[in-house]
Amino acid sequence: MAPEAGRRGIGRALLPALVARCTAAGFRLMVAVIGDSGNAGSISLHAGCGFRHAGLLPAVGWKHGRWVDSVLMTLPLGEGAATPPRGEAANAPG
């Protein structure tokens, strides 16, 4: 989004719709890569939509004249990792 469009609730409206579409399409996991660990707004938005912290990539990006960390967050969709991929049930261990 354009910087001037921030803090107006657009992300809070779009992200749940994207999650719903990805779930309906049968995806199993969403991964958010937030390009600055100081971006509290984006981290909070994702956490509010159910994403959980999955990792940090330190100093991987150059932004506004400084090195920034990237935050990784994930959201399981549907059954997540509870079941094997479609067509793989016969190959599941056990």
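How long is region 28-75 along each principal axis, judged by its Cα atoms, biggest number first, in Å?
So the three principal-axis extents are 35, 19, 11 Å.
Could you calculate the contour length gain from residue 31 to residue 17, that is, 0.36 nm times the residue separation minus the distance between their Cα atoms, to one decimal place in nm? Before the final figure, lay out the partial values.
On the way: separation 14, 0.36 × 14 = 5.04 nm, distance 1.53 nm.
Extra length from residue 31 to residue 17 when fully extended: 3.5 nm.
Do the sum for the chain: with -39,500 (n - 2.57) for every DSSP H run of n ≥ 4, divided by all residues, what is the mean residue ellipticity at 222 nm, to the nearest 500 deg cm²/dmol? Walk me through the numbers before you get to the answer.
Numbers: 2 runs with 24 residues, N = 94.
So the calculated ellipticity at 222 nm is -8000 deg cm²/dmol.
Given 26, 72, 10, which one lies farthest toward the positive end of the charge dipole of the chain, if we put +1 on the Cβ of every Lys and Arg and -1 on the Cβ of every Asp and Glu?
In the chain, that residue is 10.
Using a 10 Å cut-off around each Cβ, can you sort 37, 70, 44 from fewest to most neighbouring Cβ atoms?
Working: 37 15, 70 18, 44 12.
Listed from fewest to most nearby Cβ atoms, that is 44, 37, 70.
Considering only DSSP states other than H, G, I, E and B, which trypsin sites (Lys or Arg not before Pro) in region 18-94 qualify as loop sites with at most 11 other Cβ atoms within 10 Å? Mind dumping the intermediate values first?
Values: sites: 21, 28, 52, 63, 66, 86; in loops: 28, 86.
For trypsin sites (Lys or Arg not before Pro) across region 18-94 that sit outside H, G, I, E and B with at most 11 neighbouring Cβ atoms in 10 Å, the list reads 86.
What is the fewest-to-most order of 43, 10, 34 by other Cβ atoms lying within 10 Å of their Cβ? All intermediate terms of the calculation are to be shown ahead of the outcome.
Values: 43 18, 10 12, 34 21.
Exposure proxy ranking, most exposed first: 10, 43, 34.
I need to check one value: relative contact order of the chain, counting alpha carbon pairs closer than 8 Å and at least 6 residues apart, in percent. Each step should come with its number before you reach the end.
Details: 105 pairs, mean separation 28.8, N = 94.
The value is 31 percent.
Quote the FRET efficiency, to the nearest 0.05, computed for residue 4 versus residue 44 with a Förster distance R0 of 25 Å and r equal to the Cβ-Cβ distance. Don't skip to the answer; put the middle values down first.
Details: r = 20 Å, r/R0 = 0.78.
Efficiency, from the Cβ-Cβ distance: 0.80.
Between helix 10-24 and the chain, what is the angle of the helix's C-alpha long axis to the longest principal axis, kept within 0 to 90° and rounded to the nearest 10?
20
Can you compute the charge dipole magnitude of the chain about its Cα centre, using +1 on each Lys and Arg Cβ and -1 on each Asp and Glu Cβ, nothing else charged? Give it in debye, rounded to the nearest 20.
On the way: 9 positive and 5 negative charges, 46 e Å.
That gives a dipole near 220 debye.
When the Cα atoms of the chain are enclosed in a convex hull and the volume is divided per residue, what value in Å³ results?
Numbers: hull volume 11.6 nm³, N = 94.
Taking only Cα atoms, the chain has a hull volume of 123 Å³ per residue.
Rule-based calculations on the coordinates, nothing more; no lab input. Computed from a predicted model, the values in this text were never measured in an experiment. Note: ideal-geometry Cβ built from the backbone for every residue, glycine included; neighbour counts use all protein chains shown.
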